[in-house]
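What follows is calculated from the coordinates using simple rules that are stated; it is not laboratory data. None of these values were measured; they are calculated from a predicted model.
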Amino acid sequence: MLSNDFIRLRAIEPTDIDAIFRWENDSRLWSTGSAVAPFSRKQVWDYVSNYTADPYASGELRLMIVDAKSGDPLGMIDITNFDPVNRRGQVGIMVDIAHQRLGVARNALELLAEYARDRLGMHQLWAIIPAENIASRALFEQNGYAIEGHLRSWLRVGREYRDAYFYHRFLQ
């Protein structure tokens with residue numbers, strides 16, 4: 001359910017700390033997420049050590065995207081704002097720059113959708129994507145997400161506010 005011939009989605013392990021530390025501190029990725037400052041290795045260690053992989057208890061599910069053959073980490077995908085009553089959650093995805101545009105994100109989004117539908121019984125997934133992030137918008141559209149709303153001045157980048165789109169996908 002969480003793998004195909006190309007990638008595998010798995011729980012976060014202590015051995016992932018170096019990759020997570022590198023990704024969380026890559027300021028080039030901050031504009032697409034909510035990070036505003038670097039994380040220390042200790043903060044990443046504490047997060048990994050205390051992470052509860054039960055979305056019903058923690059409100060989130062974070063998974064590593066790894067190469068199916070080598071097991072090397074390629075990125076992370078998550079469901080946050082997990083709403084078990086209404087069976088929906090927000091999708092976030094990050095693929096290491098060295099592995100972008102190779103189908104990793106497309107495969108990960110599809111595996112996550114299958115898992116969310118078949119195992120968690122979720123009805124819908126959603127994402128907020130910066131208007132200028134054409135690659136992410138195309139990725140989500142190719143994976144069955146549709147624009148449901150235009151969010152004006154939604155994201156702050158430096159001293160500017162930028163538009164975003166609310167994307168949505170029904171699973172059932």
From the backbone phi of segment 61-74, what are the Karplus-calculated ³J(HN,Hα) couplings (6.51 cos²θ - 1.76 cosθ + 1.60, θ = phi - 60°) in whole Hz, Gly and Pro given as x? 9, 10, 10, 7, 9, 10, 5, 4, 8, 8, x, 5, x, 10
What list of ³J(HN,Hα) values in whole Hz, one per residue of segment 154-165 in order, does the Karplus curve 6.51 cos²θ - 1.76 cosθ + 1.60 (θ = phi - 60°) give from phi, with Gly and Pro shown as x? 7, 10, 8, 10, x, 9, 10, 10, 10, 6, 9, 10
With an 8 Å Cα cut-off and a minimum separation of 6 or more residues, compute the relative contact order for segment 7-170 in percent. 17
Out of residues 5 or more away from LEU151 or on other chains, whose amide H comes under 5 Å of its own, with H placed 1.01 Å from N in the peptide plane? ALA164, TYR165, PHE166
